[in-house]
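Nothing in this text is a laboratory measurement; each read-out follows from the coordinates by a stated rule. A quick note: this is a predicted structure, and the numbers were derived from the prediction, not measured. Backbone-built Cβ (ideal geometry, glycine too); neighbour counts: all protein chains shown.
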Amino acid sequence: MFDLHTHSNASDGTDSPAELINKAHAVGLAGIALTDHDTLHGWTEAMDHLRPGMSLILGSEISCQTTDGISVHMLGLLFDAQNQPLLDTLAKTRENRIGRMERIVARLNEAGYEITMQDVLAQLSDDGTLGRPHLADALIAKKFVASREEAFEKLLHNDSKFYIPHYSPTPEEVIKLIKGAGGVAIIAHPFASLRGRIISTESFAGMAEAGLDGVEVSHRDHTLEQRALLSDVAKQYDIVQTGASDYHGNGKLNLLGEFTTSQQDFERLEARADQRRVVRA
Ligand code: AMP
Ligand code: ZN
Ligand code: FE
Ligand code: FE
């Protein structure tokens, strides 16, 4: 089985890529995709620590925003790491995340939360992608909240007065970038309504047109009804259905391998990339 959506401390997970590989091996996964937010930063370390017999699928969870302001996450897997348009887009998003964080911190300061940008950056490993979970960790260190969950529930959720989005291209643009780089595009947790507004089933038409390859159906943040609906959508557009954990180490309750993708479905996805890019030790 394959877990096609995991995070390391190259973004907002808490395990290093090496620890993540070791844990995936320990739970008996045939392969994992490393999908840190808007970065390829953990790829080298993951490759260097790959265990014999395991497959490593290198990727990224790319931030998108629809024209009506809905946040969407697109998993790009098996793309060319040298593709400049894709790398430029990720760099622009990462850069924008810093100014956005400064503005969220300023809003928290106005409301009496004494926290600095240095406090937030202290929670981020070198060259990692900065995100709200690092702010949550800084708020925990300052004893304003006890957990990331509490930080998001009380202060950092998408409808909070402290929330500010960062630059993101549209889902269609990101799908085209991933496809242009030879990879496969899978929309992550499309109906995870806990995080804020979600897209409609109708919006799959434009994404399918842009080349969408897969949809993450089995994910902890989807109800059984939502999974059934997404499964129908996948059949309608002939796209692959995946399952994945969205593991973040200690940063979330999600357990590595709690949802998975079969070998057969993974092979259907892999066949849609322009080259064989799965790494094997
Ligand atoms: P950002 O990328 O800065 O907008 O932050 C979004 C990230 O926060 C997502 O990748 C989620 O994994 C994480 N996140 C969202 N809600 C929660 C939560 N309730 N607890 C822990 N992490 C969360
Ligand atoms: Zn995350
Ligand atoms: Fe996500
Ligand atoms: Fe994720």
Karplus-derived 3J(HN,Hα) from phi for the stretch 53-66 (6.51 cos²θ - 1.76 cosθ + 1.60, θ = phi - 60°), whole Hz, x at Gly and Pro, runs x, 8, 9, 10, 10, 8, x, 7, 9, 9, 6, 9, 9, 6
Averaged over all viewing directions, the convex hull of the alpha carbons in the stretch 183-235 casts a projected area in nm² of 3.7 nm²
Answer check: the stretch 96-156, Cα atoms, Kirkwood Rh, Rg/Rh ratio of 0.92
Over its alpha-carbon atoms, the chain yields an Rg and a Dmax in Å of 17.9, 53
What the Cα atoms of the stretch 98-227 span along the principal axes, largest first and in whole Å, is 47, 34, 23
Heads up, the stretch 1-139 by the C-alpha gyration tensor (a ≥ b ≥ c square roots of eigenvalues; a/c under 1.5 rounded, else a/b over b/c prolate, else oblate) looks prolate
Phi-derived 3J(HN,Hα) across the stretch 38-45 with the Karplus relation (6.51, -1.76, 1.60, θ = phi - 60°), rounded Hz, x for Gly and Pro, is 6, 7, 10, 4, x, 4, 5, 4
Most packed first (mean Cβ within 10 Å per residue), the peptides 157-165, 211-219 order as 211-219, 157-165
For Ile62, the residues 5 or more places away or on another chain with a placed amide H closer than 5 Å to its own amide H are Asp38, Met74, Leu75, Gly76
If each part is reduced to its alpha-carbon centroid, the stretch 249-281 and the stretch 23-98 end up apart, in Å, by 11 Å
